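Engineer: Take a look at the following structure, please.
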Amino acid sequence: MFFLYNLMVFLTGFLILSVQLVFGKSILPIFGGSPNVWLTSLAFYQVVLTLGYLYSYIMQKKLKLKTQIIVHSILFLISLIFIPISINLDYFDVFNSESLSLFITIFLSIGIPYFLLTASSPLIQSWFGHSNLKKSHNPYVLYVASNLGTFFSLISYPFLIEIFFSIKEQFLIWSALFGLEILLILICGFFLFKNIGQNVITNTEKSIVNIKKSNIFMWILGGFIPSCFLSVITNKITIDIAPIPLLWIIPLGIYFLSFSIAFSDKFKKFELFNQGSLLFTIILFFVHITSSSNSYLVVFCFLSLFFVSISFHRYLYQNAPDKNYLTLFYLFMSVGGALGGTFVGVISPLIFNEYTEFYIIVFIICISCLQFSKTENKKYNYKQNAMYFIPFIFIFLFGIYKKYDNNSISLYQERTFFGLNKVSESNFIKNNIDYNVKRLTHGTTLHGAQIIRPENLSNQTLTYYSKDNPIYLSIKDYDDFYNFKNIGIIGLGTGAMNCMFENKIIDFFEIDQEIINIAKNQFTYLDICKNKQNFLLGDARIKMKEINNNKYDIIVIDAFSSDAIPVHLITKEAISIYRKKLKENGLLVFHISNRYLNLEPVLGNIAKEINIQSKFCHKKENKKQIYSTGSQVVIMSDNMDFVNNNCWNYTKIDNNNTWNDNYSNILKYMIF
């Protein structure tokens, strides 16, 4: 029976995360990838998780054990009416609010099964703790299997499930596993029901009163700090260091594994990991402020997160209450975790103009680790901890005043939910000309630049948009052949494409209002080249649906240069939408320059399936020009007679499945 309990909580952890991954991917074509969508989804999952833990606490507090088993089993059987899961859009058009429509959609689609799953893990542990089975004296050991299930879901989704199964197939597989979960609950509930006394009650009526407020605070703090640090480290490595697709899996995997290690009875090295947390966090901070090698920074990010997560989660385990208060413990721990993620993901972008929370959480970690050492050891070693604390204070104060960019002058920066946008300038002399150049970066990704001095060169397009790059060449050839009038551009950047032509009507589709502000106020491309401009704020695919058919001569899709590839903008259905908005013989231009993904065959496969001509051009960096970067571009059109450059070749295809709204897989196209 102990194996069945472990299998049940393992499956629970697997199902909880996997449904978030598959459902999040499935709603992108419908709702887009705007901050409202992300925040609403985050709010739903965290609210329901907390409600699930609250439900398990109330069940344990108010009902006899047999009654708990009956009620929970009946609710699971009722939830079968939502199986198999699918996207329920019955109320999609009822509400004017996008957020409310999404919230209702998630609830109607997966809300009840997800709620019952979140409640099951603590409730099953409580049941196990009040059984007469082996190891029932310590039900917290089941949390090891629960987090192993979550970890397996995290690893298997991009490396197995997403590769071999479409979204519809994933829904069916998830639904079948949910049925297995119900079966396991019924089996375990049946045997438990037969082997307990009639009057077993799992708690006392004054459960919260019997718990010290300081303990509740530490449970919340113990959940808050690792969750907060996870989000901080993930932002650090995926935006500031190496914007590699799927890299976010590593820190999240470390986080889930830390629970399994920390809650294991075999783990005995709390003080070692506590000291390691302090040491590696101080080293991480020092490497960060000295702008050392990114490879070292990544290593110490992972090491620090590993030790901190295990240290704090072990502290939680060692201070977990009696099994009668198990569900209360998990409730407050989940509140702390939700607060940590919310602080970094929602609050910090609103109140901080840079990643200030990194400094805050590092300071809290170091202070907490010193306090843990004090409470863990009866004879507190002040000298030993002073060896860490005093240098840390000096390093921390030094970091507050450290200037990070020595090669350029920072002119402007603003943080949004998409990350930190930074405008900087550099001065240099080349060919006896004194240049002043502004550039826009998002993390480590360059999104455009402009010559400010000499002023007569300000209209010269740079980086991916220079005159010898394929974006410019394709549009110039098309204009010479057709003399086009209307163009739609997905992705604004610095607004450089406004200076590729004049006297045109341009619709710029941009998801980030701050990018529009930067292009208008920090760069002058939009002012010095005379075109009629319209700015459409929001997810490009959603906004494109609102455009009249046959409006554009050209549509440029320029949104694939960072790690956060908006897959829903590059599926067969998305390209079919773009095609409807084009005039006869219209042109689609896909800028697919990316350090980590080869998207050429993705577009080649789609072009073949929808029967449209496509060509590919790759231009390397021209070192003779100022800020000229290499670029890769795919063009599609029903008529390629306008092409007048020998860099264009037919787009490659492969034997992989065509990307569509039901199937896509980034892993197959990663550049290793």
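Engineer: Among (1) in contact with a Phe, Trp or Tyr (Cβ under 8 Å, 6 or more places away or on another chain); (2) on the phi > 0 side of the Ramachandran plot, there is one condition ASN459 misses while meeting the rest; what is its number?
Structural biologist: Against the list (1) in contact with a Phe, Trp or Tyr (Cβ under 8 Å, 6 or more places away or on another chain); (2) on the phi > 0 side of the Ramachandran plot, ASN459 comes up short only on (2).
Engineer: Which one of the conditions (1) out of contact with any Ser or Thr (no Cβ under 8 Å at 6 or more places or on another chain); (2) open to solvent by 30 Å² or more (accessible area, probe 1.4 Å); (3) β-branched (Val, Ile, Thr) does THR118 fail to meet, given that it meets all the rest?
Structural biologist: (2)
Engineer: To continue, here is another question. Got a number for residues in segment 55-75 being of a type in the set (A, V, I, L, M) and surrounded by fewer than 17 Cβ atoms within 10 Å (Cβ to Cβ)? Walk me through it before giving the result.
Structural biologist: Filtering segment 55-75 down to residues of a type in the set (A, V, I, L, M) leaves 58-59, 63, 65, 69-71, 74-75.
Next, only the ones that are surrounded by fewer than 17 Cβ atoms within 10 Å (Cβ to Cβ) stay: 58, 70-71, 74-75.
Summing the residues that are of a type in the set (A, V, I, L, M) and surrounded by fewer than 17 Cβ atoms within 10 Å (Cβ to Cβ) in segment 55-75 gives 5.
Engineer: Could you go through segment 83-106 and let me know if any residue there is open to solvent by 70 Å² or more (accessible area, probe 1.4 Å) and either closer than 17 Å to MET8 by Cβ or hydroxyl-bearing (Ser, Thr, Tyr) (or both).
Structural biologist: yes
Engineer: Which one of these does GLN46 not meet: (1) open to solvent by 30 Å² or more (accessible area, probe 1.4 Å); (2) in a helix (DSSP H, G or I); (3) within 29 Å of ILE570 (Cβ to Cβ)?
Structural biologist: Of the numbered conditions (1) open to solvent by 30 Å² or more (accessible area, probe 1.4 Å); (2) in a helix (DSSP H, G or I); (3) within 29 Å of ILE570 (Cβ to Cβ), the odd one out for GLN46 is (3).
Engineer: In segment 647-672, which residues are open to solvent by less than 50 Å² (accessible area, probe 1.4 Å) and either without any contact (Cβ under 8 Å) to a residue 12 or more places away in the chain or outside any loop (DSSP other than H, G, I, E, B) (or both)?
Structural biologist: Selection gives ASN660, TYR663, LEU667, TYR669, MET670.
Engineer: Here's another thing I want to ask about it. Among the candidates LEU42, LEU123, which residue alone is farther than 30 Å from ILE542 by Cα and in contact (Cβ under 8 Å) with a residue 24 or more places away in the chain? Can you show your working first?
Structural biologist: Numbers: LEU42 fails: farther than 30 Å from ILE542 by Cα.
Every option except LEU123 fails the conditions.
Engineer: Can you name every residue in segment 17-41 that is among the aliphatic types (A, V, I, L, M), open to solvent by 30 Å² or more (accessible area, probe 1.4 Å) and modelled with pLDDT of 85 or more? Reasoning before the result, please.
Structural biologist: Going through segment 17-41, the residues among the aliphatic types (A, V, I, L, M) turn out to be 17, 19, 21-22, 27-28, 30, 37, 39.
Now drop any that are not open to solvent by 30 Å² or more (accessible area, probe 1.4 Å), which leaves 21, 28, 30, 39.
Listed by number, the residues that qualify are LEU21, LEU28, ILE30.
Engineer: So, one more: Scanning segment 414-471 for residues that are among the acidic types (Asp, Glu) and without any contact (Cβ under 8 Å) to a residue 24 or more places away in the chain, which turns out farthest from CYS499 (Cα to Cα)? Show your work before the answer.
Structural biologist: Within segment 414-471, the subset among the acidic types (Asp, Glu) is 414, 425, 434, 455, 468.
Remaining after also requiring without any contact (Cβ under 8 Å) to a residue 24 or more places away in the chain: 434, 455.
Details: ASP434: 22, GLU455: 14 Å.
Selected residue: ASP434.
Engineer: Now a separate question. Those residues that are farther than 19 Å from LEU492 by Cβ and either in a helix (DSSP H, G or I) or open to solvent by less than 10 Å² (accessible area, probe 1.4 Å) (or both), I need them from segment 587-606; list them, please. Please lay out each step first, then the result.
Structural biologist: Step one: list which residues in segment 587-606 are farther than 19 Å from LEU492 by Cβ, which gives 587, 595-606.
Of everything in segment 587-606, those that are farther than 19 Å from LEU492 by Cβ and either in a helix (DSSP H, G or I) or open to solvent by less than 10 Å² (accessible area, probe 1.4 Å) (or both) turn out to be LEU587, LEU597, LEU599, GLU600, PRO601, VAL602, LEU603, GLY604, ASN605, ILE606.
Engineer: Quick check on my filter: what residues within segment 295-354 are closer than 24 Å to ASN210 by Cβ and of a type in the set (S, T, N, Q)?
Structural biologist: Selection gives GLN318, ASN319, ASN324, THR327, SER334.
Engineer: Then there is this: Which of the residues belonging to segment 148-161 are open to solvent by 10 Å² or more (accessible area, probe 1.4 Å) and touching a helix residue (DSSP H, G or I) at 6+ places or on another chain (Cβ under 7 Å)?
Structural biologist: Correct list: LEU148, THR150, PHE151, PHE152, ILE155, TYR157, PHE159, ILE161.
Engineer: Another question, if that's okay. Any residue in segment 252-270 that is closer than 15 Å to LEU142 by Cβ sitting within a Cβ distance under 9 Å of a residue that is modelled with pLDDT of 90 or more and not in a helix (DSSP H, G or I)? List the pairs, counting only those 6 or more apart or interchain.
Structural biologist: So the pair list comes out as PHE263/ALA320.
Engineer: Same structure, new question: In this structure, does LYS485 turn out to be among the basic types (Lys, Arg) and farther than 29 Å from LYS624 by Cα? Outline the logic, then answer.
Structural biologist: On the way: among the basic types (Lys, Arg): yes; farther than 29 Å from LYS624 by Cα: yes.
Here the answer is yes, as LYS485 does meet what is asked.
Engineer: Restricting to strands (runs of 3 or more DSSP E) lying wholly in segment 441-558: which have 3 or more residues that are open to solvent by 20 Å² or more (accessible area, probe 1.4 Å)?
Structural biologist: On the way: elements: 445-453, 486-490, 505-510, 532-537, 552-557.
The strands (runs of 3 or more DSSP E) meeting that bar are 445-453, 532-537.
Engineer: Return the pair list, or none, for Cβ contacts closer than 6 Å from residues in segment 344-359 that are assigned to a loop (DSSP other than H, G, I, E, B) and open to solvent by 40 Å² or more (accessible area, probe 1.4 Å) to residues that are of a type outside the set (A, V, I, L, M, F, W, C) and at pLDDT below 85, at least 6 apart or on different chains.
Structural biologist: Once the first residue is assigned to a loop (DSSP other than H, G, I, E, B) and open to solvent by 40 Å² or more (accessible area, probe 1.4 Å) and sits in segment 344-359, its partners that are of a type outside the set (A, V, I, L, M, F, W, C) and at pLDDT below 85 give ASN353/ARG415.
Engineer: Still on this structure, please answer the following. Residues of segment 349-365 being touching a strand residue (DSSP E or B) at 6+ places or on another chain (Cβ under 8 Å) and either of a type outside the set (Phe, Trp, Tyr) or under 12 Å from CYS228 (Cα atoms) (or both), which ones?
Structural biologist: Keep residues of segment 349-365 that are touching a strand residue (DSSP E or B) at 6+ places or on another chain (Cβ under 8 Å), which gives 349, 352-355.
Across segment 349-365, the qualifying residues are PRO349, ASN353, GLU354.
Engineer: Scan segment 566-583 and give yes if some residue there is open to solvent by 20 Å² or more (accessible area, probe 1.4 Å) and part of a strand (DSSP E or B), otherwise no.
Structural biologist: Kept after step one, since they are open to solvent by 20 Å² or more (accessible area, probe 1.4 Å), are these residues of segment 566-583: 566-567, 572-573, 576-577, 579-580, 583.
With part of a strand (DSSP E or B) added as a condition, the list becomes 583.
Yes, there is a match, as at least one residue in segment 566-583 is open to solvent by 20 Å² or more (accessible area, probe 1.4 Å) and part of a strand (DSSP E or B).
Engineer: Restricting to segment 295-338, give me the number of residues that are open to solvent by 40 Å² or more (accessible area, probe 1.4 Å) and not in a helix (DSSP H, G or I).
Structural biologist: So the count comes out to 2.
Engineer: Taking segment 121-140, which residues are assigned to a helix (DSSP H, G or I) and either of a type outside the set (A, V, I, L, M, F, W, C) or surrounded by fewer than 21 Cβ atoms within 10 Å (Cβ to Cβ) (or both)? Talk me through it step by step, then tell me what you get.
Structural biologist: To start, the set of residues in segment 121-140 that are assigned to a helix (DSSP H, G or I) comprises 121-129, 139-140.
Correct list: SER121, PRO122, GLN125, SER126, GLY129, PRO139, TYR140.
The values are calculated or read from the model by the stated rules, or taken from the named source; none is laboratory data. Remember, it's a predicted structure, so these values are computed and weren't measured experimentally. We place every Cβ from the backbone using ideal geometry, glycine too, and count neighbours over all the protein chains shown. The accessibility values were calculated without ligands, DNA or RNA, using every heavy atom of the protein model including side chains. Shrake-Rupley method; radii C 1.70, N 1.55, O 1.52, S 1.80 Å.
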